[in-house]
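> Have a look at this one before I ask anything.
The values are calculated or read from the model by the stated rules, or taken from the named source; none is laboratory data. These numbers come from a predicted model, not from an experiment. As a convention, Cβ positions derive from the backbone with ideal geometry for all residues, glycine included, and neighbour counts pool all protein chains shown.
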Amino acid sequence: MWIQTLKTGQSEGSAVIGKKFEQEFYMTSDEAVKMLRGLADELESKGKVEASSGEWTLAVTPTEPINVEVQFKHDPMKRELEFQLKLKENP
């Protein structure tokens, strides 16, 4: 899942050193569709799932079960639907 060309947002930690890394990306609907289709293909192959951008590449070979969390936030001014996918690799 290559995400190198997307506009980056907030970042936390380091993909190269450290135990936790977070990177936020901003993308168009078309870019999101392309990324999600690539992720689906990688998951379906049951092999390695990768994400990379510029100087870093992160990869896991996920084991089941895959954890999916859905959150919905609603207030009078905006609604937000969030999906979080956790892919864990167990040695």
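> What are the residue pairs meeting all of these: first residue in the range 35-55, first residue on the phi < 0 side of the Ramachandran plot, second residue among the charged types (D, E, K, R) and modelled with pLDDT of 90 or more, Cβ atoms under 7 Å, and 6 or more apart or on different chains?
So the pair list comes out as Val49/Glu42.
> Of these, Asp30, Asp41, which one is modelled with pLDDT under 95, exposed (fewer than 13 other Cβ atoms within 10 Å of the Cβ) and within 15 Å of the chain's Cα centre (by Cα)?
Working: Asp30 fails: within 15 Å of the chain's Cα centre (by Cα).
Just one listed residue meets the conditions, Asp41.
> Please work out which one of (1) touching a Ser or Thr at 6+ places or on another chain (Cβ under 9 Å); (2) in a strand (DSSP E or B) is the condition Lys46 fails and give its number.
Only one criterion in (1) touching a Ser or Thr at 6+ places or on another chain (Cβ under 9 Å); (2) in a strand (DSSP E or B) is unmet by Lys46, namely (2).
Okay, residues lined up against (1) loosely packed, with under 10 Cβ neighbours inside 10 Å; (2) among the small types (Gly, Ala, Ser); (3) modelled with pLDDT of 90 or more:
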residue	(1), (2), (3)
Ile17	yes, no, no
Pro62	no, no, yes
Phe72	yes, no, yes
Leu87	no, no, yes
